[in-house]
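The next block holds one structure in the form of structure tokens; read it before the comments.
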Amino acid sequence: MIVTIDGVAASGKSSVSSGVAQALGVPYVSSGLLYRAVTLLGLEAGADLAQPGALLPLLSGVRLEPLASGNRVWNAVHDLTADLHSTRVDTGVSVVAALPEIREWVDAQLRALPAPLVAEGRDMGTNVFPHAPHKFYLTASPRVRAERRARERPEDIPAIEAALTERDRQDTTQSAPAPDARIIDTGPLTLQGVIDTILEHLR
Ligand SMILES: Nc1ncnc2c1ncn2[C@@H]1O[C@H](COP(=O)(O)OP(=O)(O)OP(=O)(O)O)[C@@H](O)[C@H]1O
Ligand SMILES: Nc1ccn([C@H]2C[C@H](O)[C@@H](COP(=O)(O)O)O2)c(=O)n1
């Protein structure tokens, strides 16, 4: 079984997917972490993030470890996970995610993972796992998402909201919900409420 949970930036994909996966006793896969890892390695190498030829050679040791408790991304023996949600990675990742060659690389990593799993991102239900039997798409207003993110990062809410809106714009191409995805407005719901809503639909 594969469950896909897509949605816009900071809509709760990772937190919800982790909760659903733990309730089901299966791993969850955070596809955004792979795009973030490519971006981080490109930044550290001083590479042009718009050039796939400069990025692909950096990826031979990259591996996603999907754990129900949370994903880890390794580059050979180096754990990159703690450095994947920095502001500089946030700023560059949409450029990387727009590259077809990088999307092909990420898709291949994801499809190589064994089912069952919960997969979260932008295009899990449309592109990576189009035949998944259970698809969900999370939304919330930019302001609600910014307020939630502000609890994680000491930045002011209007600045976070502007950054999220810009990332939504940059990610538009790959972020449309699958026609057969169940869309959930998470604004009125608690985190556990979203998890419970999805589990109800899976029963
Ligand atoms: N329904 C909710 N109610 C309250 N807080 C929530 C809800 N869903 C998620 N959160 C919180 O919002 C923040 C962002 O959630 P999360 O990181 O899971 O979003 P995301 O979509 O994976 O983000 P990104 O697109 O940056 O990967 C986290 O602090 C999370 O705990
Ligand atoms: N399946 C995916 C997952 C992520 N992206 C892009 C969109 C974001 O700009 C970036 C990081 O994702 P996040 O960790 O914020 O979920 O990667 C994508 O294009 N496709």
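The values are calculated or read from the model by the stated rules, or taken from the named source; none is laboratory data. Keep in mind it's a predicted model, so treat the numbers as computed, not measured. Backbone-built Cβ (ideal geometry, glycine too); neighbour counts: all protein chains shown.
Structure summary
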{"quantity": "Per-region count, segment 19-62, residues over 20 Å from D107 (Cα atoms) and free of Cβ contacts under 8 Å to residues at least 60 places away in the same chain", "calculated": "8"}
{"quantity": "Residue list for segment 80-91, restricted to those being modelled with pLDDT of 95 or more and either basic (K, R) or surrounded by 12 or more Cβ atoms within 10 Å (Cβ to Cβ) (or both)", "calculated": "L80, T81, D83, L84, V89"}
{"quantity": "Any pair with Cβ under 6 angstrom, 6 or more apart, that starts in segment 174-190 at a residue that is within 20 Å of D107 (Cα to Cα) and ends at one that is part of a loop (DSSP other than H, G, I, E, B)", "calculated": "Q174/R122; Q174/D123; S175/R122"}
{"quantity": "Some residue of segment 102-112 being more than 17 Å from G32 (Cβ to Cβ), away from ligand 2 (no atom under 14 Å from the Cβ) and without any contact (Cβ under 8 Å) to a residue 60 or more places away in the chain", "calculated": "yes"}
